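Structure first, commentary second.
The values are calculated or read from the model by the stated rules, or taken from the named source; none is laboratory data. These numbers come from a predicted model, not from an experiment. All Cβ positions, glycine included, derive from the backbone under ideal geometry; neighbour counts span all protein chains shown.
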Amino acid sequence: MNQDDIHKASLGALVIQLENHSLSSEDLVSAYLSQIDQHNKKINAVIHVDQTGAARAAFDSDQRRGKKQNFGALDGIPMVVKDNIDVAGLPTTNGLGQSVVAERDAHVVTQLKAHGVIILGKANMDEGALSALSDNPHHGRVQNPLADGFTPGGSSGGSAAAVASNFCAAALGTDTLGSVRLPAAYCGLVGLKPSLGAISNLGIRVLGQSLDCTGPITRTVADSKMVMQCLLPSAPTQTTSLADPLRWSHLSEIDEALLTPAVASAYQQALSQIQQWQPMSHIAELPDWNPGAARRAALLLIEHEAAERWMFDLSHHRHAFSEPLIKMLEFGRNASTHQLDKARVAVNKASQAVRNALTTIDLIVAPTTPQNAFRFDERSPANQADFTALANFAGCPSISIPCPVPTGVLPVGLQLISRPGTDHWLIEIAGIIENQLTK
């Protein structure tokens, strides 16, 4: 396997090469470090690279494989994690203007390391994971590797850009209203948000306690499945079966007028291809869901919660926060009880509407974003998380997979949402649909 093949290979392909000893973990780490050294200055996807630690871990992994004592299929595979996830001995910035060296690993990092995964470095992110949810300019600016002058979007943009730039084959991000799925969609990758609470947030600088989930960004659904086997090894209670006919639906509320032409075209083509495999049962309706209003309500609650959490830092380390972020936090802190209660009602109604819809169907299909990747010098589209936020409101697992698009058109994501606790089932269905879309 030459350098280009290594850079672009899926997790599955790399695992095979490691297992048959045609590739060593040390060579794999070296190849990724070389790619980062050559291209990260422009992309800005990775803000801390642990060369020494990664090299040492790769040596140890190769020794284990040589003795047939490897910790699992992903032993020796390097990954990047978002910089709000603690890695012992490495600085955590959470996208802010200050850093703290972590004393211990976050729970997800402990799980990955237990399977022999190597933490190659920390991925860039938006300030406090918050600014990407508004229409403020990006603070942690990341270049979309697929299009010069464009951004991968979402506060896990660095994680997605790292995979798209061939700095690693998989990365972890965190998702509050869509921040794993958004950049995955913009970069033509697979992004998974697990069920709320399925994976521990211990050691992660969460933004919204009732919304945040940690999930992988990968090249394929099969790769996502491999990472999730480390993070969520025991299957939650399943309420659907692959043996049963799939009851799926798209949403009547997602009118083509809400989508850019490129997204609308790719979305309709994807729906047609899924229909050829499994006819749609009926069109679902969420009568209590207003996409923009629900997203704005959630943002107010997030701003309020973040302001409470960062009150000490705002008082003692104000220099670590940009003025746009300070204004967002002050807006949330100054919100009245009436405003907050009204926002909770809007979010709860949207959450219940999703859960109600999923009592009669197994799967909701929707565009991941209303638009393709936006230009680097533009404000974040205010509506980019309108569709992804639904899964966070209801605690549902959700995955974004690429739609087929014409040559020269920027990537478009297709989002799948299923009932809470059906994470493994969703991944299996996503793999089937992924294959259907590539026929």
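Scan the range 243-267 for residues that are surrounded by fewer than 14 Cβ atoms within 10 Å (Cβ to Cβ) and either not aliphatic (A, V, I, L, M) or not in a helix (DSSP H, G or I) (or both) and the total you get is 7. Applying the criterion of being aliphatic (A, V, I, L, M), under 16 Å from Ala306 (Cα atoms) and touching a Leu at 6+ places or on another chain (Cβ under 7 Å) to the residues of the range 170-210, the residue that is surrounded by the most Cβ atoms within 10 Å (Cβ to Cβ) is Leu177. Can you find even one residue in the range 10-19 that is hydroxyl-bearing (Ser, Thr, Tyr), at pLDDT 95 or above and more than 15 Å from Ala171 (Cα to Cα)? No, the range 10-19 has no match at all. Condition check for His48 on (1) closer than 24 Å to Cys187 by Cβ; (2) of a type outside the set (Lys, Arg); (3) modelled with pLDDT under 95: one failure, at (3).
Within the range 54-75, can you find the residues that are assigned to a helix (DSSP H, G or I), within 30 Å of the chain's Cα centre (by Cα) and touching a residue at least 24 places away in the same chain (Cβ under 8 Å)? Passing the criteria: Ala54, Ala55, Ala57, Ala58, Phe59, Ser61, Asp62. Scanning the range 140-181 for residues that are modelled with pLDDT under 80 and in contact with a Cys (Cβ under 8 Å, 6 or more places away or on another chain) turns up Leu146, Pro152. Scanning the range 322-352 for residues that are within 17 Å of Asn84 (Cβ to Cβ) and either touching a strand residue (DSSP E or B) at 6+ places or on another chain (Cβ under 6 Å) or not in a helix (DSSP H, G or I) (or both) returns a single hit, Ser322.
Among the conditions (1) small (Gly, Ala, Ser); (2) out of contact with any helix residue (DSSP H, G or I) (no Cβ under 6 Å at 6 or more places or on another chain); (3) closer than 20 Å to Ser156 by Cα; (4) not in a helix (DSSP H, G or I), Ser380 misses just one, which is (2). Under the condition of being more than 16 Å from Asp60 (Cα to Cα), in a helix (DSSP H, G or I) and under 24 Å from the mean Cα position of the chain (by Cα), the residues counted in the range 1-36 number 12.
Among the conditions (1) of a type outside the set (S, T, N, Q); (2) surrounded by 20 or more Cβ atoms within 10 Å (Cβ to Cβ); (3) assigned to a helix (DSSP H, G or I); (4) in contact with a strand residue (DSSP E or B) (Cβ under 8 Å, 6 or more places away or on another chain), Lys225 misses just one, which is (4). Within this structure, His319 fails the test of being assigned to a helix (DSSP H, G or I), more than 28 Å from Leu251 (Cβ to Cβ) and at pLDDT 95 or above.
In a residue-by-residue description of the range 367-376, the property of being surrounded by 16 or more Cβ atoms within 10 Å (Cβ to Cβ), closer than 30 Å to Ile283 by Cα, among the aliphatic types (A, V, I, L, M) and modelled with pLDDT under 95 applies to at least one position. The numbered conditions (1) surrounded by fewer than 24 Cβ atoms within 10 Å (Cβ to Cβ); (2) part of a loop (DSSP other than H, G, I, E, B) are all true for Met125 except (1).
Please work out if Ser400 is hydroxyl-bearing (Ser, Thr, Tyr) and over 19 Å from Gly157 (Cβ atoms). Considered against the rule, which asks whether it is hydroxyl-bearing (Ser, Thr, Tyr) and over 19 Å from Gly157 (Cβ atoms), Ser400 comes out as no.
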